[in-house]
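Participant: Okay, handing you the structure first.
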Amino acid sequence: MSTPLDDAINLVLAEEKHMSAVNDCFVYFAALAETRRRGAVSDIFQCLPSDLPTHCDDDGALRIHNVITEFIEKCPTHPNAASAFRILLHLRASDDSKSYLLAKLKFFYAQGDAHTVYQLCTVIEDLGMDVFRDESGAFISSRSYNEGEKNLGVARRFLERQNSDTDAAGNSRHAG
């Protein structure tokens, strides 16, 4: 019969295997998402077992989208959360991805999570929004996720521009 201490120790020992399995799932999701985006089988599949299906229909994409967004909501500090936003972008399973990504940018910016903020900024820029600007408004051509303060500043300026654009459109949260 195991004791509570034995159970706690076994749980911690099992975590490495669990984390590895979850990471493998996210790599698979990324491969499926890239395949949908490109219209051809992703090179990522070279890193995965050969028996995995390489096609993802709309229903599958929506299922992956839903599990990833729920994962992000429940486990925002998990190491796979930051990379999950690109998967969501490539899946294109939701018409509401822009507002979702902007809401997550506000959340992770408020948390001071520079790594996730950087990931979100790159994904939002890939949506066609102008994100990477310096204090003078000039485009930042060289970006690095390691430059936390710079990325938080980029996010702050972008969110301020978003708020001022909303205010200028007459949709201010202070109006009415």
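Read-outs throughout are calculated quantities, based only on the coordinates presented, and are distinct from any laboratory measurement. Predicted model only: the values in this text are computed from it and were never measured. Cβ placement follows ideal geometry from the backbone for every residue including glycine, while neighbour counts extend to all protein chains displayed.
Participant: Using Cα springs under 10 Å in a Gaussian network model of the chain, which residue among Lys17, Lys150, Lys98 shows the largest mean-square fluctuation?
Facilitator: The residue with the greatest mean-square fluctuation here is Lys17.
Participant: Which value, in debye to the nearest 20, describes the size of the charge dipole of the stretch 35-131 about its Cα centre when Lys and Arg Cβ atoms bear +1, Asp and Glu Cβ atoms bear -1, and nothing else is charged?
Facilitator: Computed charge dipole of the stretch 35-131: roughly 120 debye.
Participant: Place +1 on the Cβ of every Lys and Arg and -1 on the Cβ of every Asp and Glu in the chain, take the dipole about the Cα centre, and give the residue among Phe29, Gly153, Thr77 whose Cα lies farthest towards its positive end.
Facilitator: Ranked along the dipole, the leading option is Gly153.
Participant: Considering the options Ile44, Leu5, Tyr100, tell which one lies farthest towards the positive end of the dipole of the chain, charges being +1 on Lys and Arg and -1 on Asp and Glu at the Cβ, about the Cα centre.
Facilitator: Final value for the positive-end residue is Tyr100.
Participant: How big is the charge dipole of the chain about its Cα centre, in debye rounded to the nearest 20, if each Lys and Arg gets +1 on its Cβ and each Asp and Glu gets -1 on its Cβ?
Facilitator: Around 480 debye, computed over the chain.
Participant: Let me ask something else. Which value at 222 nm does the chain reach when only helices count, each DSSP H run of 4 or more adding -39,500 (n - 2.57), with the total divided by all residues and rounded to the nearest 500 deg cm²/dmol?
Facilitator: Helix-only estimate at 222 nm: -21500 deg cm²/dmol.
Participant: Hey, what angle do you get for helix 58-74 against the long axis of the chain, alpha-carbon based, 0 to 90 degrees rounded to 10?
Facilitator: Around 80 degrees separate the two axes.
Participant: Quick one: how many lysine pairs in the chain have C-alpha atoms under 24 angstrom apart, if they're 8 or more apart or on different chains?
Facilitator: Taking the Cα cut-off of 24 Å, the pair count is 8.
Participant: Among His90, His115, His18, which one shows the biggest mean-square fluctuation in a GNM of the chain, springs joining Cα atoms closer than 10 Å?
Facilitator: Of His90, His115, His18, the Gaussian network model singles out His18 as fluctuating most.
Participant: How many nm separate the modelled label positions at Glu70 and Tyr100, each set 7 Å beyond the Cα in the direction of the Cβ?
Facilitator: Simple spin-label model gives 1.3 nm for this pair.
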